[in-house]
Amino acid sequence: MNRTGKKLLVLALVAVVLMAFRVSWNALRDVARVIGADDTAATLYPFVVDGLMALALVAALVLTGKARDFALRVLAVYTLASLVLNYVHGLVPELHGRAVDWGRLADWDPANWALVLLATSLPVGSIYFGSDLVAKVLHHQPIDVVRAPDGERADEPAHLPHTPADTPHALPGNAPADTRPDAASAVSAQVGKRADAVRADDPHAPHTARTVELSAEEEAARQAQFEDAELERVRQDARRTYAESVQAARPLSARALGEAYGMSESWARKQILAVRDADENDRPHLVAVGGE
(Lines give C-alpha, C1' and ligand atoms only; values in the text may rest on other atoms or scores of the structure.)
Protein backbone atom coordinates (compact mmCIF):
# COMPACT_ATOMS: atom_id res chain seq x y z
CA MET A 1 0.00 0.00 0.00
CA ASN A 2 1.36 3.43 -0.94
CA ARG A 3 1.65 6.38 1.42
CA THR A 4 -1.59 8.01 0.29
CA GLY A 5 -3.55 4.81 0.94
CA LYS A 6 -2.05 4.49 4.41
CA LYS A 7 -3.00 8.08 5.26
CA LEU A 8 -6.56 7.55 4.10
CA LEU A 9 -6.79 4.35 6.14
CA VAL A 10 -5.56 6.13 9.29
CA LEU A 11 -7.96 9.03 8.75
CA ALA A 12 -10.88 6.63 8.29
CA LEU A 13 -9.93 4.80 11.47
CA VAL A 14 -9.72 8.08 13.43
CA ALA A 15 -13.14 9.09 12.11
CA VAL A 16 -14.70 5.78 13.18
CA VAL A 17 -13.11 6.01 16.63
CA LEU A 18 -14.38 9.57 17.10
CA MET A 19 -17.93 8.60 16.13
CA ALA A 20 -17.82 5.58 18.44
CA PHE A 21 -16.59 7.81 21.25
CA ARG A 22 -19.50 10.19 20.65
CA VAL A 23 -21.98 7.33 21.01
CA SER A 24 -20.28 6.01 24.13
CA TRP A 25 -19.96 9.54 25.53
CA ASN A 26 -23.75 9.88 25.70
CA ALA A 27 -24.16 6.71 27.75
CA LEU A 28 -21.27 7.38 30.11
CA ARG A 29 -22.43 10.95 30.74
CA ASP A 30 -25.88 9.75 31.84
CA VAL A 31 -24.33 7.08 34.09
CA ALA A 32 -22.08 9.70 35.69
CA ARG A 33 -25.09 11.88 36.54
CA VAL A 34 -26.80 8.97 38.30
CA ILE A 35 -23.80 8.31 40.55
CA GLY A 36 -23.72 11.94 41.71
CA ALA A 37 -21.59 13.84 39.20
CA ASP A 38 -22.55 17.43 38.34
CA ASP A 39 -22.91 18.63 34.77
CA THR A 40 -19.21 19.44 34.32
CA ALA A 41 -18.03 16.17 35.84
CA ALA A 42 -20.59 14.21 33.83
CA THR A 43 -19.33 15.84 30.64
CA LEU A 44 -15.72 14.94 31.44
CA TYR A 45 -16.49 11.42 32.69
CA PRO A 46 -16.44 9.79 29.20
CA PHE A 47 -12.97 11.22 28.59
CA VAL A 48 -11.81 9.53 31.79
CA VAL A 49 -12.92 6.08 30.63
CA ASP A 50 -12.59 6.08 26.85
CA GLY A 51 -9.65 8.47 26.97
CA LEU A 52 -7.63 6.01 29.05
CA MET A 53 -8.47 3.32 26.50
CA ALA A 54 -6.87 5.46 23.78
CA LEU A 55 -3.85 6.10 25.99
CA ALA A 56 -3.43 2.41 26.73
CA LEU A 57 -3.63 1.61 23.01
CA VAL A 58 -0.90 4.11 22.16
CA ALA A 59 1.25 2.81 25.02
CA ALA A 60 0.82 -0.77 23.76
CA LEU A 61 2.14 0.31 20.36
CA VAL A 62 5.22 1.93 21.90
CA LEU A 63 6.14 -0.42 24.75
CA THR A 64 7.57 -3.93 24.55
CA GLY A 65 7.69 -7.02 26.73
CA LYS A 66 5.93 -6.99 30.10
CA ALA A 67 5.16 -3.26 29.87
CA ARG A 68 3.26 -3.87 26.64
CA ASP A 69 1.31 -6.72 28.24
CA PHE A 70 0.38 -4.40 31.11
CA ALA A 71 -0.89 -1.75 28.67
CA LEU A 72 -2.98 -4.36 26.84
CA ARG A 73 -4.50 -5.54 30.13
CA VAL A 74 -5.47 -1.97 31.06
CA LEU A 75 -7.00 -1.54 27.61
CA ALA A 76 -8.99 -4.76 28.00
CA VAL A 77 -10.26 -3.88 31.50
CA TYR A 78 -11.43 -0.39 30.57
CA THR A 79 -12.97 -1.61 27.33
CA LEU A 80 -14.98 -4.18 29.29
CA ALA A 81 -15.99 -1.56 31.86
CA SER A 82 -17.16 0.85 29.16
CA LEU A 83 -19.10 -1.97 27.50
CA VAL A 84 -20.87 -2.83 30.77
CA LEU A 85 -21.88 0.79 31.44
CA ASN A 86 -23.11 1.24 27.86
CA TYR A 87 -25.10 -1.98 28.21
CA VAL A 88 -26.71 -0.76 31.44
CA HIS A 89 -27.54 2.53 29.76
CA GLY A 90 -29.36 0.64 27.03
CA LEU A 91 -31.27 -1.56 29.52
CA VAL A 92 -32.49 1.32 31.70
CA PRO A 93 -34.36 3.89 29.57
CA GLU A 94 -34.95 6.04 32.64
CA LEU A 95 -31.27 7.01 32.57
CA HIS A 96 -31.87 9.01 29.40
CA GLY A 97 -34.33 11.41 31.02
CA ARG A 98 -32.86 11.41 34.56
CA ALA A 99 -36.06 9.77 35.88
CA VAL A 100 -34.13 7.15 37.82
CA ASP A 101 -33.29 7.56 41.50
CA TRP A 102 -29.89 8.89 42.44
CA GLY A 103 -27.44 6.05 42.81
CA ARG A 104 -29.79 3.47 41.29
CA LEU A 105 -28.42 1.70 38.19
CA ALA A 106 -30.26 -1.62 38.70
CA ASP A 107 -33.31 -2.87 40.59
CA TRP A 108 -31.45 -5.74 42.25
CA ASP A 109 -29.38 -4.35 45.08
CA PRO A 110 -26.22 -6.51 44.65
CA ALA A 111 -26.11 -5.68 40.93
CA ASN A 112 -26.67 -2.02 41.67
CA TRP A 113 -23.87 -1.96 44.25
CA ALA A 114 -21.47 -3.61 41.80
CA LEU A 115 -22.36 -1.17 39.01
CA VAL A 116 -22.03 1.88 41.25
CA LEU A 117 -18.65 0.59 42.51
CA LEU A 118 -17.52 0.06 38.94
CA ALA A 119 -18.65 3.49 37.76
CA THR A 120 -17.12 5.34 40.72
CA SER A 121 -13.80 3.46 40.65
CA LEU A 122 -13.03 4.10 36.98
CA PRO A 123 -11.85 7.73 37.51
CA VAL A 124 -9.50 6.66 40.31
CA GLY A 125 -8.19 3.81 38.20
CA SER A 126 -7.61 6.23 35.32
CA ILE A 127 -5.38 8.35 37.53
CA TYR A 128 -3.32 5.37 38.68
CA PHE A 129 -3.07 3.40 35.45
CA GLY A 130 -2.72 6.50 33.28
CA SER A 131 0.19 7.78 35.37
CA ASP A 132 1.85 4.37 35.28
CA LEU A 133 1.49 4.07 31.52
CA VAL A 134 2.87 7.56 30.91
CA ALA A 135 5.85 6.80 33.17
CA LYS A 136 6.53 3.55 31.33
CA VAL A 137 6.41 5.31 27.96
CA LEU A 138 8.72 8.12 29.10
CA HIS A 139 11.27 5.66 30.52
CA HIS A 140 11.06 3.31 27.57
CA GLN A 141 14.26 3.04 25.55
CA PRO A 142 13.79 1.44 22.13
CA ILE A 143 16.41 -1.13 21.14
CA ASP A 144 18.18 -0.04 17.99
CA VAL A 145 20.65 -2.09 16.01
CA VAL A 146 23.86 -0.06 16.05
CA ARG A 147 26.31 -0.62 13.25
CA ALA A 148 29.92 -1.01 14.29
CA PRO A 149 32.60 0.95 12.36
CA ASP A 150 33.78 -2.18 10.56
CA GLY A 151 30.30 -3.02 9.32
CA GLU A 152 29.53 -5.73 11.85
CA ARG A 153 26.54 -5.60 14.17
CA ALA A 154 27.37 -4.21 17.59
CA ASP A 155 25.42 -6.92 19.39
CA GLU A 156 27.41 -9.71 17.72
CA PRO A 157 30.70 -10.90 19.22
CA ALA A 158 33.75 -9.93 17.23
CA HIS A 159 35.86 -12.64 15.65
CA LEU A 160 39.11 -12.57 17.59
CA PRO A 161 42.34 -14.21 16.46
CA HIS A 162 43.29 -17.47 18.08
CA THR A 163 45.20 -17.13 21.35
CA PRO A 164 46.11 -19.81 23.87
CA ALA A 165 43.64 -20.28 26.70
CA ASP A 166 46.27 -19.48 29.34
CA THR A 167 49.81 -18.16 29.45
CA PRO A 168 52.53 -20.61 30.48
CA HIS A 169 53.10 -19.08 33.92
CA ALA A 170 49.37 -19.20 34.74
CA LEU A 171 48.81 -22.83 33.81
CA PRO A 172 48.19 -25.30 36.63
CA GLY A 173 50.75 -27.96 37.26
CA ASN A 174 48.29 -30.77 37.73
CA ALA A 175 45.17 -30.38 35.59
CA PRO A 176 42.26 -32.83 35.81
CA ALA A 177 42.06 -35.85 33.56
CA ASP A 178 41.54 -34.93 29.92
CA THR A 179 38.27 -36.00 28.40
CA ARG A 180 38.31 -33.71 25.34
CA PRO A 181 37.97 -34.98 21.73
CA ASP A 182 41.10 -35.38 19.61
CA ALA A 183 42.75 -32.55 17.75
CA ALA A 184 41.07 -32.84 14.37
CA SER A 185 37.49 -32.53 15.65
CA ALA A 186 38.33 -29.76 18.13
CA VAL A 187 40.10 -27.59 15.58
CA SER A 188 37.42 -28.27 12.97
CA ALA A 189 34.77 -26.62 15.16
CA GLN A 190 37.02 -23.57 15.68
CA VAL A 191 37.94 -23.33 12.04
CA GLY A 192 34.34 -23.55 10.88
CA LYS A 193 33.44 -20.32 12.64
CA ARG A 194 36.60 -18.52 11.52
CA ALA A 195 36.12 -19.59 7.92
CA ASP A 196 32.71 -17.95 7.87
CA ALA A 197 34.25 -14.70 9.10
CA VAL A 198 37.07 -14.83 6.54
CA ARG A 199 34.62 -15.41 3.70
CA ALA A 200 32.34 -12.55 4.83
CA ASP A 201 32.13 -9.52 2.54
CA ASP A 202 34.22 -6.50 3.51
CA PRO A 203 31.82 -3.52 3.77
CA HIS A 204 34.64 -1.06 2.93
CA ALA A 205 35.76 -2.88 -0.20
CA PRO A 206 34.51 -1.65 -3.59
CA HIS A 207 31.56 -3.54 -4.98
CA THR A 208 32.62 -6.02 -7.63
CA ALA A 209 30.76 -8.53 -9.70
CA ARG A 210 29.89 -11.75 -7.91
CA THR A 211 32.20 -14.64 -8.68
CA VAL A 212 30.98 -18.00 -9.85
CA GLU A 213 29.90 -20.27 -7.01
CA LEU A 214 32.47 -22.95 -6.17
CA SER A 215 31.50 -26.56 -6.59
CA ALA A 216 31.00 -28.76 -3.58
CA GLU A 217 34.30 -30.60 -4.20
CA GLU A 218 36.30 -27.36 -4.50
CA GLU A 219 34.66 -25.95 -1.40
CA ALA A 220 35.42 -29.11 0.58
CA ALA A 221 39.02 -29.09 -0.63
CA ARG A 222 39.46 -25.47 0.31
CA GLN A 223 37.92 -26.08 3.71
CA ALA A 224 40.20 -29.06 4.34
CA GLN A 225 43.25 -27.03 3.30
CA PHE A 226 42.25 -24.22 5.62
CA GLU A 227 41.74 -26.63 8.50
CA ASP A 228 45.13 -28.26 7.91
CA ALA A 229 46.83 -24.88 7.93
CA GLU A 230 45.01 -23.87 11.11
CA LEU A 231 45.90 -27.15 12.82
CA GLU A 232 49.56 -26.71 11.88
CA ARG A 233 49.54 -23.18 13.30
CA VAL A 234 48.10 -24.48 16.56
CA ARG A 235 50.84 -27.10 16.69
CA GLN A 236 53.52 -24.45 16.22
CA ASP A 237 51.98 -22.28 18.93
CA ALA A 238 51.90 -25.22 21.36
CA ARG A 239 55.50 -26.15 20.63
CA ARG A 240 56.62 -22.55 21.11
CA THR A 241 54.72 -22.38 24.41
CA TYR A 242 56.36 -25.55 25.67
CA ALA A 243 59.83 -24.37 24.58
CA GLU A 244 59.33 -21.09 26.46
CA SER A 245 58.25 -22.97 29.58
CA VAL A 246 61.41 -25.10 29.38
CA GLN A 247 63.57 -22.00 29.05
CA ALA A 248 61.83 -20.57 32.14
CA ALA A 249 62.74 -23.76 34.04
CA ARG A 250 59.05 -24.56 34.46
CA PRO A 251 58.31 -27.17 31.81
CA LEU A 252 54.66 -27.86 31.23
CA SER A 253 53.20 -31.32 31.49
CA ALA A 254 51.40 -32.89 28.55
CA ARG A 255 48.11 -32.60 30.37
CA ALA A 256 48.58 -28.88 31.13
CA LEU A 257 49.66 -28.12 27.57
CA GLY A 258 46.65 -29.94 26.15
CA GLU A 259 44.30 -28.03 28.47
CA ALA A 260 45.87 -24.74 27.36
CA TYR A 261 45.04 -25.36 23.72
CA GLY A 262 41.83 -27.32 24.14
CA MET A 263 43.40 -30.53 22.90
CA SER A 264 43.92 -34.01 24.26
CA GLU A 265 46.86 -35.12 26.37
CA SER A 266 48.14 -37.43 23.64
CA TRP A 267 48.17 -34.53 21.16
CA ALA A 268 50.17 -32.41 23.61
CA ARG A 269 52.61 -35.26 24.25
CA LYS A 270 53.34 -35.41 20.51
CA GLN A 271 54.13 -31.70 20.47
CA ILE A 272 56.47 -32.06 23.44
CA LEU A 273 58.28 -34.92 21.72
CA ALA A 274 58.58 -32.82 18.57
CA VAL A 275 60.20 -30.00 20.57
CA ARG A 276 62.64 -32.42 22.22
CA ASP A 277 63.54 -34.00 18.88
CA ALA A 278 64.17 -30.56 17.42
CA ASP A 279 66.42 -29.71 20.37
CA GLU A 280 68.35 -32.93 19.87
CA ASN A 281 68.87 -32.17 16.19
CA ASP A 282 70.01 -28.61 16.94
CA ARG A 283 72.65 -29.67 19.46
CA PRO A 284 76.18 -30.15 18.06
CA HIS A 285 77.34 -33.75 18.03
CA LEU A 286 80.92 -34.26 19.14
CA VAL A 287 82.73 -37.15 17.51
CA ALA A 288 85.78 -38.53 19.23
CA VAL A 289 88.72 -38.92 16.87
CA GLY A 290 91.15 -41.64 17.81
CA GLY A 291 94.88 -41.06 17.34
CA GLU A 292 96.80 -43.22 14.93
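The values are calculated or read from the model by the stated rules, or taken from the named source; none is laboratory data. Note that the structure is predicted; figures quoted are calculated from it, not measured. Because the Cβ atoms are built from the backbone with ideal geometry, glycine has one as well, and the counts that use them run over all protein chains shown. Accessible surface is based on the protein model in full, side chains and every heavy atom, while ligands, DNA and RNA are left aside. Shrake-Rupley method; radii C 1.70, N 1.55, O 1.52, S 1.80 Å.
Can you tell me which residues in the range 219-234 are open to solvent by 40 Å² or more (accessible area, probe 1.4 Å) and touching a residue at least 24 places away in the same chain (Cβ under 8 Å)?
Gln223, Phe226, Glu227, Arg233
Hey, can you tell me all the residues within the range 245-273 that are part of a helix (DSSP H, G or I), under 44 Å from the mean Cα position of the chain (by Cα) and not hydroxyl-bearing (Ser, Thr, Tyr)? Across the range 245-273, the qualifying residues are Ala254, Arg255, Ala256, Leu257, Gly258, Glu259, Ala260, Glu265, Trp267, Ala268, Arg269, Gln271. Between residues in the range 114-130 that are open to solvent by 50 Å² or more (accessible area, probe 1.4 Å) and residues that are in a helix (DSSP H, G or I), which pairs lie under 6 Å by C-beta distance while being six or more apart or on different chains? Listed pairs, sorted by first residue: Phe129/Val74.
Taking every residue in the range 55-68 that is free of Cβ contacts under 8 Å to residues at least 40 places away in the same chain and outside any loop (DSSP other than H, G, I, E, B) and pairing it with any residue that is among the charged types (D, E, K, R) and open to solvent by 10 Å² or more (accessible area, probe 1.4 Å), at least 6 positions away or on another chain, the pairs with Cβ-Cβ distances below 6 Å are Ala60/Arg68.
Only residues that are of a type in the set (Ser, Thr, Tyr) and more than 35 Å from the chain's Cα centre (by Cα): list them for the range 1-59, please. The answer is Ser24, Thr40, Thr43, Tyr45. Of the residues in the range 70-82, none is more than 37 Å from the chain's Cα centre (by Cα) and farther than 25 Å from His139 by Cα. In this entry, Asn86 is excluded by the filter for residues that are in a helix (DSSP H, G or I) and modelled with pLDDT under 90. Here Ala67 meets the list (1) under 19 Å from Ala119 (Cα atoms); (2) surrounded by 14 or more Cβ atoms within 10 Å (Cβ to Cβ); (3) not acidic (Asp, Glu) almost entirely, failing just condition (1). A residue that is out of contact with any strand residue (DSSP E or B) (no Cβ under 9 Å at 6 or more places or on another chain), outside any helix (DSSP H, G or I), open to solvent by 20 Å² or more (accessible area, probe 1.4 Å) and at pLDDT below 85 can be found somewhere in the range 276-284.
Remark: pairs (first residue in the range 1-27, without any contact (Cβ under 8 Å) to a residue 40 or more places away in the chain; second residue surrounded by 10 or more Cβ atoms within 10 Å (Cβ to Cβ) and not in a helix (DSSP H, G or I); Cβ separation under 6 Å; 6+ apart in sequence or on different chains) are absent.
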